[in-house]
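*Asks:* Quick one: the structure is below, and I'll ask about it shortly.
The values are calculated or read from the model by the stated rules, or taken from the named source; none is laboratory data. Keep in mind that what you see is a predicted model, and the values were worked out from it rather than measured. We place every Cβ from the backbone using ideal geometry, glycine too, and count neighbours over all the protein chains shown. Surface areas here come from the heavy atoms of the whole protein model, side chains and all, with no ligands, DNA or RNA. Shrake-Rupley method; radii C 1.70, N 1.55, O 1.52, S 1.80 Å.
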Amino acid sequence: SGEPPITADFCRVYSAYDANLQWSHLDRIDPLLAANDDPRLDFARRARVLRSFDFTEENVAMFQAYLGDPATTDVTASRYYDGYARAHGLPAFEEEVTNRAIADARRKIADQPYSTVLLKLLATPSTERIVVEDPPSWEEGLALKKKRLTYAPYTSEFWQDYAEALVWAARGQTPESDTAYRNAIVYSNYKPERIEAYMRSKGSLLSEFLFLRSKGRTSTRFPEGYASMAADLTCPLVTLLRFHDAVCAGGGADGHCRTDPAVIDEYRTMTKIPIADGSCERERNATLEELAFVPAPLPAD
């Protein structure tokens, strides 16, 4: 075939990058990658550049050739590369590659109706960065995100995507979005990024609620009379802060605890402001095991 032989070092590099191991492990593998010019490891070379942000002139040319290829549908690579490209006045590729990938998904979905990868692409909306050709409506996008959960009900990322879509559609949280956020945390085994996503959502709503209350104003985001605000906002935020403290103690979790400590302090201060319907004593005093979330099934249509 003319391809280089597969060696033990090739297998070590391929398997490490294919499995997307922790960065500390990949750092030890990289000398083997540098010594091997097998084109079948180009995917690993691209991943290394994105991980280390090592955009030399040669590596920029490599990405431009790869992302400019009409056959490339690697949305993730285009998004990360474009972060560098936009900052340095270089051509961006994310919009082009995303629309390529969506067109490819539309061609394939009839033959692969259970593919969560294709369903994710078909739910892609236009954003501030990219314009999607013939994007789904929010109702269609929400239905596609829910459909993914039918086929992959234990995938944390899909639950978080669904929760965020529900919050956007409702302009606030709902019992269903709370369930989705909690499931995302459970199925990630309490990864800090999942805890922080739910914490930010609760924190921003509590901040808005407290501001409106201080001004004597109401909002359609909150029930008339602000009933159950402690149960809906403050007490869950207390729980999330305790989970966050436990997971991120000592700056752990491999650098994935990313919320600014000043923001954490702000959330903590907000949870101490009295709200008439409760003081969250259970959330403040129970063990973390007692506060652990219980996963819930997808609601019926």
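*Asks:* With only Lys, Arg, Asp and Glu charged, each at its Cβ (+1 for the first two, -1 for the last two), find how big the charge dipole of region 90-157 is about the Cα centre; round to the nearest 20 debye.
*Replies:* Result for region 90-157 is approximately 360 debye, rounded to the nearest 20.
*Asks:* With the full set of protein chains in place, find how many percent of the accessible area of the chain is carbon and sulfur; take the probe as 1.4 Å.
*Replies:* 53
*Asks:* While we're on this one: When the helix-only estimate is applied to the chain (DSSP H runs of n ≥ 4, each -39,500 (n - 2.57), divided by the residue count), what is the mean residue ellipticity at 222 nm, nearest 500 deg cm²/dmol?
*Replies:* -18500 deg cm²/dmol
*Asks:* Is region 27-143 best put as rounded, prolate or oblate by its Cα gyration tensor, with a ≥ b ≥ c the root eigenvalues, rounded for a/c under 1.5, and otherwise prolate when a/b is larger than b/c, oblate when not?
*Replies:* Prolate.
*Asks:* Okay, moving on. So for the pair Asp111, Asp27, with labels modelled 7 Å out along Cα→Cβ, what separation do we get in nm?
*Replies:* According to this spin-label approximation, the distance is 4.3 nm.
*Asks:* Moving on. Using alpha carbon centroids, what distance separates region 173-191 and region 17-53, in Å?
*Replies:* Rounded to whole Å, the Cα centres lie 33 Å apart.
*Asks:* In addition: Rolling a 1.4 Å sphere over the protein heavy atoms, what is the accessible area per residue of the chain, to the nearest Å²?
*Replies:* In whole numbers, the chain has 56 Å² accessible per residue.
*Asks:* Ok, one more. Contour minus end-to-end for Asp18 and Asp54, with contour as 0.36 nm per residue of separation and end-to-end as the Cα-Cα distance?
*Replies:* 11.0 nm
*Asks:* Let me ask you something else. By how many nm would the segment from Glu140 to Thr127 grow when fully extended, if each residue of separation counts as 0.36 nm and the alpha-carbon distance is taken off?
*Replies:* Length gained between Glu140 and Thr127: 3.1 nm.
*Asks:* Right, something else. For Gln64 and Ser207 in the same chain, what is the full-extension length gain: residue separation times 0.36 nm, less their Cα-Cα distance, in nm?
*Replies:* Answer, rounded to one decimal: 47.1 nm.
*Asks:* Strictly under 4.7 angstrom between C-beta atoms: which cysteines of the chain have no such partner?
*Replies:* Cys11 - these cysteines have no disulfide-compatible partner (Cβ-Cβ under 4.7 Å) in the chain.
*Asks:* Still on this structure, I have one more. When a/c is below 1.5 the answer is rounded, else prolate if a/b is larger than b/c, else oblate, so apply that to the chain with a ≥ b ≥ c taken from the square roots of the Cα gyration tensor eigenvalues.
*Replies:* prolate
*Asks:* Of Ala101, Ala246, Leu122, which is farthest towards the positive pole of the chain's charge dipole, taken about the Cα centre with +1 and -1 on the beta-carbons of Lys, Arg and Asp, Glu respectively?
*Replies:* Of the candidates, Ala246 comes out farthest on the positive side.
*Asks:* Can you tell me the relative contact order of the chain? Whole percent, Cα pairs under 8 Å, sequence separation 6 or more.
*Replies:* 11
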